[in-house]
1. Of all residues in the range 73-125, which are of a type in the set (D, E, K, R), near ligand 1 (Cβ under 8 Å from one of its atoms) and touching a Ser or Thr at 6+ places or on another chain (Cβ under 8 Å)?
2. Among the residues of the range 427-464, which ones are of a type in the set (D, E, K, R) and open to solvent by less than 60 Å² (accessible area, probe 1.4 Å)?
3. Hey, does the range 188-198 have a residue that's assigned to a loop (DSSP other than H, G, I, E, B) and at pLDDT below 95?
4. Do you know which of the residues in the range 85-125 that are part of a loop (DSSP other than H, G, I, E, B), within 32 Å of the chain's Cα centre (by Cα) and among the small types (Gly, Ala, Ser) is farthest from ligand 2 (Cβ to nearest atom)?
5. For the range 74-90: of the residues being among the aliphatic types (A, V, I, L, M) and touching a helix residue (DSSP H, G or I) at 6+ places or on another chain (Cβ under 6 Å), which is surrounded by the most Cβ atoms within 10 Å (Cβ to Cβ)?
6. Would you mention how many residues in the range 555-572 are surrounded by fewer than 19 Cβ atoms within 10 Å (Cβ to Cβ) and hydrophobic (A, V, I, L, M, F, W, C)?
7. Among (1) at pLDDT 85 or above; (2) surrounded by 13 or more Cβ atoms within 10 Å (Cβ to Cβ), there is one condition Gly403 misses while meeting the rest; what is its number?
8. Out of (1) under 27 Å from Val306 (Cα atoms); (2) away from ligand 1 (no atom under 11 Å from the Cβ); (3) surrounded by fewer than 20 Cβ atoms within 10 Å (Cβ to Cβ), the odd one out for Val155 is which?
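The values are calculated or read from the model by the stated rules, or taken from the named source; none is laboratory data. Bear in mind the structure is a predicted one, so any value in this text is a computation, not a measurement. Ideal geometry is used to build each Cβ from the backbone, glycine not excepted, and the neighbour counts take in all protein chains shown. Quick note on the areas: whole protein, heavy atoms, side chains included, nothing else; ligands and nucleic acids left out. Shrake-Rupley method; radii C 1.70, N 1.55, O 1.52, S 1.80 Å.
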Amino acid sequence: MRLYNGIEPMTIRILDISVASKIAAGEVVERPVSVVKELVENSLDAGAGQIVVEIEGGGVELIMVTDDGHGIPILDMEVAFERHATSKIVRDADLERIATMGFRGEALPSIAAVSSVTLTSRVRGSEMGATIQFRGSEMVRKGAAGGAEGTSITVKELFINVPARLKFLRSQAAEGGRIHTLVAQLALAYPEVRFQLRANGRERFVSPGNGSFRDALAKVYDTEVMESLLDVAASDGEGRRTWGCISAPSYSRANRGAINFYVNRRWVQSRLLSQAVEQAYLGMLMVGKHPLVALHLELPLEQVDVNVHPAKREVRFHHEGPVFSLVQRAARELLVARSPVPVVQPDPALQGPVTLHIRQQPSSQVAAISRQEEGADGRAEGEKPSAELPLLAQALPALRVLGQASGTYISAEGPGGIDLIDQHAAHERVLFERVRQQSRERQPAVQGLLTPLSVELLPAQMQAMERWREMLESHGFLGEPFGERTFLLRGVPTELRSDTDAEAMLIEALELLGRAQDPSQAGDSLAASIACHGAVRAGDSLTHEEMGGLLRQLEASDSPHTCPHGRPTMLQLSTSNLEREFGRR
Ligand code: ADP
Ligand code: MG
């Protein structure tokens, strides 16, 4: 055969069916995990309550998926392997209301095109089942078979006829790891289904399948995070609902690997939803840290288009705005309301010297504190705090300064016990909110420099300066470019400490801005950096009045419990703990 050389025209022909199938298969079946995904989704569509996945050699040597679903009638078995053969949709309009995982009728033919696949199935309630085997799209065997009710599909010799695809696979351990991740994701999508994963004969994962989302989560994540999980449940009154769990700000991970979304039970990747949760955690997590998020989203079927990606990993929302704000608000309100003062508690397991551990304070205690506070801060009984007061300001009680420890921690008394406040973190929080407010109102407090400072910039810094010029100005950095590589700095934010190196500060700001993805992130990291360089430091000695003033300002801030990088501003030794430790109770 003559191969196309790109110069002379060749006759146009319809592709041979086996070539066409392999091309189409490439879209659906990229690697072993794609096979597992398609097979398990078929089991879910068949109403299975139990699904067993067995793999060998990372799925390359063997994939077997067995379910107890409704099964495939003997007469349908062969058709199921034809392209675009599906029992799930019938007409055009059905595409607009997809209620099943599958609908394209492509999985079985695609898998058969690149492997040796055996399907055995017995319809619920029928006496006999059947089995059918395909190799590289050709049927090689068909016959009656016994076996349990439900369906079992075995895939071997995967990609044996597509060496290019085999070459792109990673190690067996890596491919197996992807399958493990997938099964865990599906277990969270369907907590009422029991999933089992066996790899090379060893059990790797089991989900309880009892319908409890938390029980399913507990099989996927460690106990440490389970303690910090908050339950989300919110709807917008227009048929959209979100539910699931998110981690409290006290917990974080180094990557986004534990952020999962399920839209109408389908695991999807979505920038929109990721951004919604990122916004919800704004100012609560350290830069570069990420939460655990496992959120379901239920939307009317006709508001979601699932037919945008061959592997159905992405969806399109018809109304992005309401979806974004439902998720963002549900998470944000929960985080703000529950963002607790960490409580210092003695470790009951230890005898002798008291070791302090930090534990989450249950929300009921936060509520108790805020109730006490209404009396304590002189507000009349029954008087509602003003509507603009953010939730957290109410959760932080009025604190009475006791003194300063280690030149760093302010000790204070509040209704819950004794609080220790990190003076730097607390001041950072106060300045951060002030700078952010000023920049929003475009009224930064600027201190002019007596003589303009000429700062040499690297090309990337120059670019960041040009892109974020307005952002810099609204935060108090005034000046203008001078030539190709110099910036003439004329003013800096007033909040900076007098000993701040203005040049270094500008460079740091430009570096941060250069890394920012969007204006809101840029503004926040810039404000956080100004706050950090303006705040009192650990070791600065403070007068009683200065400490009192700082605490008043902290009480008035939106999120008093964390600094802009997400570290706690305060710890609490609760009265009940003190009583217990001193043997008073
Ligand atoms: P789709 O899922 O898009 O319909 P598939 O190629 O994955 O297409 O499957 C084709 C058909 O085979 C399905 O529509 C369904 O009727 C049937 N089928 C596949 N797997 C199963 C299963 N595990 N249990 C019952 N029926 C199945
Ligand atoms: Mg399918």
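1. Asp76, Lys88, Arg104
2. Correct list: Glu428, Arg429, Glu433, Arg436.
3. Checking the range 188-198: not a single residue is assigned to a loop (DSSP other than H, G, I, E, B) and at pLDDT below 95.
4. Only one residue tops the list, namely Ala99.
5. Among those that are among the aliphatic types (A, V, I, L, M) and touching a helix residue (DSSP H, G or I) at 6+ places or on another chain (Cβ under 6 Å), it is Ala80.
6. Of the residues in the range 555-572, 2 are surrounded by fewer than 19 Cβ atoms within 10 Å (Cβ to Cβ) and hydrophobic (A, V, I, L, M, F, W, C).
7. (2)
8. Condition (3) is where Val155 drops out.
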